[in-house]
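Right, one structure below, let's go through it.
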Ligand code: T1G
């Protein structure tokens, strides 16, 4: 295996070159190589300065995350950084690509830092539930100021080279060949005898006496539920209070605490799951796929418009079809407003908006879809309509076109049977708002060809989605599990809970909103229509639980009507409505259910464990191939808190035996038709295993 760190000399400059593809992560061998190169350079009297740079596409992108969870092995990164900073000879970091995490910490321990204009630097450890653990929380405030350090470290967001230079992180932006520029810079440092600038010897400026409290308060919503951001603030504060060595000791203690936390284990799991989920088990990564150079979207409504934006954002031309000009006009106006809002927020340039709008071509003619490589229908959720649409597409679209339905629960196989090419038909279920939510459930039909669903996974990734391959069943993965949470919450309303208690608990668990606030926002009539459509499939108790029907029959559809489960003021601020409380209490009486106090813990268990049990069934049925597919669906489509890792990872954290025992309790309380342990969950629980540790 090629050497991961090389040492060479160019005149009086020693070059430490790292070559550890794909991202030059700081594996043990890389840490040892950097240490050896630094020691070698300092032992060589002919060497006047050292340069650290990388081969490949980027400077060091951080510690090797794959080493986490195992006993740390020397040389430890903080020690390697200290060796660099203590070097009597100048050490220059030459940065390209993304210097992230430990990579930036290596650079911060150097005496000078130069970078290409396209380079970025960042400390994304907080996204892994960690904090920079090799001096980042102590050196960055000293170099860039405390407020800037707080923002960089708690957001984990990369900073472009030019801004990093303005912040004092970089000394020089260099053009052209980085190595040549680094050698020239190093020779200049030596010729001018520039003093070695050691960050640890600087003082961290505190821009205001209440900086830390103000920062924590201003970001409370963003940090809600997370442990790491608050610990990052604590560590940066320490940099302004303690001498550097003491600060480093504290940073290490906090790093270890976070590293061992369930939250960091969950967030590290999510990091790898997000990359693994696009790989389809049993299919080679390089399976040929179809080129998607043009897309057709049927339906210019909320979903169709959002889907069209997704492809236009990726530079793929879209033909947007609807049946009436007024629908097209309305749809395009909404798309334009969405883009204009982004431009107004400074997140999109006007010319980029114009370009994207130009890529969306409205039409009333099916004929205009004939050359599209992919067509996605987002028309009314009615099987008759879907079959008619796919029959037309089958007659118009070119051979080899992928024909996809955005249906959220209708049977893809039945839709595919309306065509003569079921192998080219699948589901591509976007989540509303389609131009925002990352989840894309790619639903493979029984006859969908692997090439087609591999194409959908690839194009999903290209448009910035988190694509998950799922099988055909009612609600696929996400909505099928959500239906269990909805059922249990509905039962708990009958048994003694109120909507605002359930919402508080589910929000406190980490979801962006509770189910009833969410229903009021989405429109209760949507759920009401679904309930009526499926009424015959419901159990007698579910049929009789008509609290939602009663609310909708009063015309209370939620925010859009000023009242739903909550009542809303003109600014759409929600207030619990005593009238709803009365309605629920009288419903319980009519149903002959004696109301009781329901604990927050019971609400969590019945809402979340019911989903986990359904997830186990989904795995058994092969609707999802892996637990990480289910986790990805809930992380990217429903706002499952990332610091819990997704429902299946969370189940392992809680322990399947504990969940199994709770399911048995609820079987006795609620009934076996709702609470029977999935065989897979029972098996794993009895074997002391988990969904991931099988
Ligand atoms: N460790 C191990 N593997 C990594 C890795 C890392 N740090 N970063 C990426 N990979 C793998 C990734 O799993 C994938 O593998 C391949 O590289 C390409 O990644 C002490 C403790 C650098 C912006 O958090 O943000 O330093 O799937 O698909 O889209 O304070 O990777 O091909 O087998 O993402 O071009 C801090 C994480 C670590 C950076 C490139 N650093 N990485 O994005 O490629 S903690 C990070 C990224 C730390 C110190 C602390 C991105 C990228 P495979 P990719 P990309």
Completion exercise
Among (1) away from the ligand (no atom under 13 Å from the Cβ); (2) in contact (Cβ under 8 Å) with a residue 60 or more places away in the chain; (3) farther than 25 Å from residue 386 by Cα, residue 242 falls short only on (2)
Practice task
Evaluate the following for residue 151: is it under 24 Å from the mean Cα position of the chain (by Cα) and either surrounded by fewer than 19 Cβ atoms within 10 Å (Cβ to Cβ) or away from the ligand (no atom under 16 Å from the Cβ) (or both)?
Solution key: yes
Problem - Test for residue 328: is it surrounded by fewer than 21 Cβ atoms within 10 Å (Cβ to Cβ) and more than 23 Å from the chain's Cα centre (by Cα) - result: yes
Handout entry: Failed item, numbered, when residue 43 is tested on (1) touching a helix residue (DSSP H, G or I) at 6+ places or on another chain (Cβ under 9 Å); (2) modelled with pLDDT of 95 or more
Key = (1)
Handout entry: Residue match in the stretch 201-213 (condition: touching a helix residue (DSSP H, G or I) at 6+ places or on another chain (Cβ under 9 Å), more than 23 Å from residue 507 (Cβ to Cβ) and crowded, with 21+ Cβ neighbours inside 10 Å)
Key = yes
Fill in the blank from the handout: Note on the stretch 116-130: residues in contact (Cβ under 8 Å) with a residue 60 or more places away in the chain and either part of a loop (DSSP other than H, G, I, E, B) or more than 13 Å from the ligand (Cβ to nearest atom) (or both) are 116, 119, 129, 130
Completion exercise
Picking from 301, 296, 305, the residue that is surrounded by 13 or more Cβ atoms within 10 Å (Cβ to Cβ), more than 16 Å from the ligand (Cβ to nearest atom) and more than 25 Å from residue 633 (Cβ to Cβ) would be 296
Problem - Search result, residues across the stretch 683-692 that are surrounded by fewer than 19 Cβ atoms within 10 Å (Cβ to Cβ), part of a helix (DSSP H, G or I) and touching a helix residue (DSSP H, G or I) at 6+ places or on another chain (Cβ under 6 Å) - result: none
Exercise for the section: Check 57, 45, 70 and return the single one that is within 12 Å of the ligand (Cβ to nearest atom) and surrounded by fewer than 18 Cβ atoms within 10 Å (Cβ to Cβ). Expected result: 57
Problem - Test set (1) closer than 28 Å to residue 693 by Cα; (2) within 16 Å of the ligand (Cβ to nearest atom) - residue 248 fails condition number - result: (1)
Practice task
Would you confirm whether any residue within the stretch 17-26 is in the same structural domain as residue 178 (by TED's automatic domain parsing), in contact (Cβ under 8 Å) with a residue 12 or more places away in the chain and more than 16 Å from the ligand (Cβ to nearest atom)?
Solution key: yes
Handout entry: Count - residues of the stretch 530-542 that are surrounded by 13 or more Cβ atoms within 10 Å (Cβ to Cβ) and either part of a helix (DSSP H, G or I) or not assigned by TED's automatic domain parsing to the domain that holds residue 572 (or both)
Key = 4
Practice task
Output the residues belonging to the stretch 173-185 that are out of contact with any helix residue (DSSP H, G or I) (no Cβ under 8 Å at 6 or more places or on another chain) and under 23 Å from residue 144 (Cβ atoms).
Solution key: 178, 181, 182, 185
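The values are calculated or read from the model by the stated rules, or taken from the named source; none is laboratory data. From a predicted model like this one, the values you see are computed outputs, not experimental measurements. FYI the Cβ positions are ideal-geometry reconstructions off the backbone, even for glycines, and counts take in every protein chain you see.
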